[in-house]
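The values are calculated or read from the model by the stated rules, or taken from the named source; none is laboratory data. Nothing here was measured: the structure is a model prediction, and the numbers come from that model. For neighbour counting, all protein chains shown are included, and Cβ atoms are generated from backbone atoms with ideal geometry for every residue, glycine included.
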Amino acid sequence: MVEQPQNRSHLGLVLVVLLLPALVWLSGTCVRSELNARTFETYASRFGTFQANANPDQTRLEIYCQYPAARDRSKCDLFAAAGWLQTGGILTGLLGLGMLGFVAHRASQARQSRERLPALFRQAVRATGIGAALLGLALSVLVTGSLALLMAVFVERIWVGFLLGILLLGGYTAVRTAATALAWGKPLEHQEIAVSLTRAQAPTLWRLVDEVARTVGTAPPDNLVLTLEPNCYAIEVPVILPNQRVTGRTLCLSLPLLHLWDERELPAVVAHELAHFHGEDTRYSREYAPALRAAAEALETLRATLDRDARAVAVVPLLPIFSFTVERFTLATAAHSREREFAADGVAARVAGALPFATALLKVAVAVPAWSLYLERAVENGAADPPPAGAAVAWLAAQAMQTPQPPDWIARERTAHPVDTHPPLHARLDALGVDLAQAWRAAVPAAVPAAALVGPIDAIDRDLTRLIARLSQLLRVVRQQTRGATTGRSAQK
């Protein structure tokens, strides 16, 4: 069950969106009040307080300035400008609330219809992008005008350069953010540290994949790749590998998990992943992901600009609006994704049996912390020649599964976080009709691991391990240089 965000978070969101428009309105109100007070004092000093109270047409600028013969036109111009600020503050506040309402409505519809979610999200991002340009430009003008008016009335001096910076930076950021949000036409690509397996390199594995594809009722993938991470997936966007780029439908399998799975578990996993092709889940993700990427990049553009220069204050209300858009639709797509995972689990159970798939899931769960432990001890600490990652991670996971009872952290994982794209393990086992204790007892080390289906697996393991070791070394160098540069700047201060 997906948890609804708390009302307090919604209230905070609304307050942030309304804060700047409210301050603009308040500045106009303060200027009008100050100008009226000065006019009253001037009139009262000449004719007395009684006469000042008795002649509002001379002391209240909203009345006085309506007469064409009004002598103090400069004061009337300031008073009128303050009124425009009040109106602008109200209108921009309503525009911000309208954008939030539109996004919330589209997200609510998307929760009800998976098929319509990509189109609804594109509508929401388009509206948010256009609205961001309008709202950001309007607030840039209004904030600049508010500060100029406050300076003219209370300081009697205007810092033109400062005001121009706010106006130009706010306007530029608004337009750039909107352009980023609306630019979702760029094709997606997925990067992976993996190798592609040809049919000549692993004919037995490819035959298994072909057979499972026929059983599932879908075409076999165009590409089969192996990664060191304990993760498997099906994808339809181009995949960028270290030495090549593959296109079409790609099935990614985990090298460490091939060491853990047996001949019953691997077909179950392959059936689960190919079910995503059959259910068009990968096509759905391909249509949805570009708009999500555009909205997320627009959000990052805003954050980076605000972190770099406080003069971009006029676009602050755009931050919660884009954040709200990404959050609402992330929740919607995560809920649908969990439903599709259950459906794919059902296909895996039908093809290979519920218990083999349940034990395969358990081995994935145990391999994840084993992978993290391997990276920490063998790679990130700068080991000169780390052991092959696939075999090492599989060994660590196998050792963790020697206990008679599953670890506490597996038993505790029962409720999905709202943004989780996969259901918790307990829920998946329950849907399969398999008890956790039963699955744990059955999840024994493979007598003949599925890795035997890949002829050059040891060479692949060594090559990928050397690659991640080199990348980790480069990252350490970059981090050291960054820390050195930061320390140097701090010392100069």
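Things to note:
- Some residue of the range 313-323 being at pLDDT below 85, among the aromatic types (Phe, Trp, Tyr), buried (at least 24 other Cβ atoms within 10 Å of the Cβ) and over 22 Å from GLU229 (Cα atoms): yes
- Residues considered: ALA82, ALA174, ALA132, ALA104. Of these, the only one that is out of contact with any Gly (no Cβ under 7 Å at 6 or more places or on another chain) and surrounded by 21 or more Cβ atoms within 10 Å (Cβ to Cβ) is ALA132.
- Scanning the range 91-105 for residues that are of a type outside the set (A, V, I, L, M, F, W, C) and touching a residue at least 40 places away in the same chain (Cβ under 8 Å) yields THR92, GLY93, GLY96.
- Some residue of the range 289-298 being at pLDDT 85 or above and assigned to a helix (DSSP H, G or I): no
- Residues in the range 107-122 that are closer than 25 Å to GLY93 by Cα and touching a helix residue (DSSP H, G or I) at 6+ places or on another chain (Cβ under 6 Å) were compared, and the one that is surrounded by the fewest Cβ atoms within 10 Å (Cβ to Cβ) is GLN109.
- Of the residues making up the range 428-462, those that are within 15 Å of SER254 (Cα to Cα), modelled with pLDDT of 90 or more and either more than 37 Å from the chain's Cα centre (by Cα) or among the acidic types (Asp, Glu) (or both) number 5.
- Among the residues of the range 448-467, the one identified as touching a Phe, Trp or Tyr at 6+ places or on another chain (Cβ under 9 Å) and outside any helix (DSSP H, G or I) is PRO449.
- The residues on offer are ALA411, ALA344, ALA378, ALA394, and the sole one that is under 19 Å from CYS232 (Cα atoms), assigned by TED's automatic domain parsing to the domain that holds ASP458 and either at pLDDT 85 or above or in a helix (DSSP H, G or I) (or both) is ALA394.
- For the range 299-312, the set of residues classified as at pLDDT below 75 and crowded, with 23+ Cβ neighbours inside 10 Å consists of ALA312 only.
- Of all residues making up the range 103-118, the number that are part of a loop (DSSP other than H, G, I, E, B) and among the polar types (S, T, N, Q): 1
- Taken as a whole, the range 217-228 holds no residue that is at pLDDT below 95, under 24 Å from PHE342 (Cβ atoms), within 28 Å of the chain's Cα centre (by Cα) and not aromatic (Phe, Trp, Tyr).
- Taking the criterion of being in contact with a Cys (Cβ under 9 Å, 6 or more places away or on another chain) and not aliphatic (A, V, I, L, M), the residues of the range 269-308 that qualify are HIS272, GLU273.
- Hey, GLY96 more than 22 Å from LEU23 (Cβ to Cβ) and assigned to a helix (DSSP H, G or I) or not: no
- Residues (farther than 24 Å from VAL347 by Cβ and of a type in the set (Gly, Ala, Ser)) located in the range 431-450: ALA437, ALA447
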